[in-house]
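Working notes for the structure below.
Nothing in this text is a laboratory measurement; each read-out follows from the coordinates by a stated rule. Please read all numbers here as calculations on a predicted model, not as lab measurements. Quick reminder, even Gly has a Cβ in these numbers, built from the backbone with ideal geometry, and neighbours come from all protein chains shown.
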Amino acid sequence: MEERLQKLLSAAGICSRRAAETYITAGRVTVNGVPAELGQRADPDRDDIRVDGRPLAEREELVYLLLNKPRGYVTTLSDEKGRKTVADLVSDCGARVYPVGRLDLDSEGLLIMTNDGALTQHLLHPSGEVNKTYLVSVYGPVAGAAERLSAVTELGGEPIRPALVEVLRRTGQTAELSVTIHEGKNRQVRRMCQACGLTVKRLRRVREHTLELGDLPAGKWRRLTAEEVAVLRKA
């Protein structure tokens, strides 16, 4: 059955529909050997559809991983400074997978990695509100920290939705907090803490949407179940 090329590329996990338009206008997509045009329709069972010369039918199997990222790893596939990357931790998964979002060098915890470009775009799209929960150990003026953090509604002049903050433990000038945010601004939780006069000692992401880190050891990964992937697609 014929479908618009943007939809076919997205369904194949190559990229989002919007990114597919860029692929097509850049001449990266051909149908039966002819450069494709925006709005063109094709039948994957009948037509030879290729992206960068590679047949659509020979795309890689889609792989979905949940990695427990340790400290000291950068969330990239390669690093010009020679630092360890999350790609090193999943090199035995059998596919080239990419991180969905980021955790900075000193942050830990749940990181989704996949070669499904459409799902990645879906989860990272600004219109989405994929909740993420972090366990954050802080020190400083911790009295009233939950209320102050919940009151932060802008960072660097950009508005953010109020976070859901719960104090799990408090001793003197230290505390462990559960912080749930609704956007994915760069270093958002650390910047919120800094704005409230708190120093972050440890930051670990333990939940993203319905996925939970659980007892997965640091540096290890597991494959997502079909049910988990289906829920993420509806996020």
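Structural remarks
- Charge dipole (region 132-208, unit charges on Cβ, about Cα centre) - positive-most of G184, V200, P162: V200
- Simple Cβ-charge dipole of region 51-138, Lys/Arg +1 and Asp/Glu -1, about Cα centre, in debye nearest 20: 200
- Here the Debye sum runs over all C-alpha atoms of the chain as equal scatterers in vacuum, and log10 of I(q)/I(0) at q = 0.11, 0.15 Å⁻¹ comes out as -0.66, -1.04.
- Taking 23 Å as the limit for the C-alpha separation, the pairs K7/K234; K81/K132; K69/K132; K132/K234; K69/K185 exceed it in the case of K81/K132.
- Calculated log₁₀ intensity ratio I(q)/I(0) where the Debye formula runs over C-alpha points of region 3-58, q = 0.14, 0.21, 0.27 Å⁻¹: -0.27, -0.64, -1.15
- Separation between Cα centres of region 142-197 and region 1-64, rounded to whole Å: 43
- Think of region 1-146 as having a plus end and a minus end, set by charges on the Cβ of Lys, Arg, Asp and Glu; of G39, I112, A143, A143 sits farthest toward the positive end of this dipole.
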